[in-house]
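Structure first, then comments.
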Amino acid sequence: MVRQILVPLDGSPLGNNALSVALDDYPDAEIHLLHVIDPTEPGYSYVSLGVEAYDTPQHGSEAWYDRAEEYAEELFETAREQTDEDIELDTETRVGRPSREIVNYVEDNDIEHIVLGSHGRDRESRNLVGSVAEGVVFRSPVRVTLVK
């Protein structure tokens, strides 16, 4: 029986689908939600933070990181609204390369299984999986379920 599940959230529809799968398939597990702020991704500040290029704080500034943290909290709140009231979700935000931070979180928190969207923002990609999902699958010390 799996007791500790990690669902990384990036704001994509497939990330939300991954949470639904985790909740449905593992109703008795403790669900951990992780959002990774990736300051190295050029488009992160515009696409993920949901702001226009001219309205966003300067990339890498303190205001930019504050907005990224606010966005993570918005993702977690949306996830809480998606779950039953009696389900507690553990949440954490980290800064770094998403695939590395996801694997680090698994190792730091005795996670037994990852449920992850197969693609992030580029859902129409011709690739089988996105770069973050691919990095997690190849580095993960635990089983990974990819959700389309």
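Read the figures in this text as sums done on the coordinates, not as results from a lab. Just so it is clear, the structure is predicted and the values come from calculations on it, not from any experiment. FYI the Cβ positions are ideal-geometry reconstructions off the backbone, even for glycines, and counts take in every protein chain you see.
Compared with the alpha-carbon gap, the fully stretched path from residue 66 to residue 40 is longer by 7.8 nm at 0.36 nm per residue.
Can you work out the FRET efficiency for the pair residue 137 and residue 84, with r the C-beta to C-beta distance and R0 = 35 Å, to the nearest 0.05? Present the calculation step by step, with values, prior to reporting the outcome.
Working: r = 29 Å, r/R0 = 0.84.
Computed FRET efficiency for residue 137 and residue 84 comes out at 0.75.
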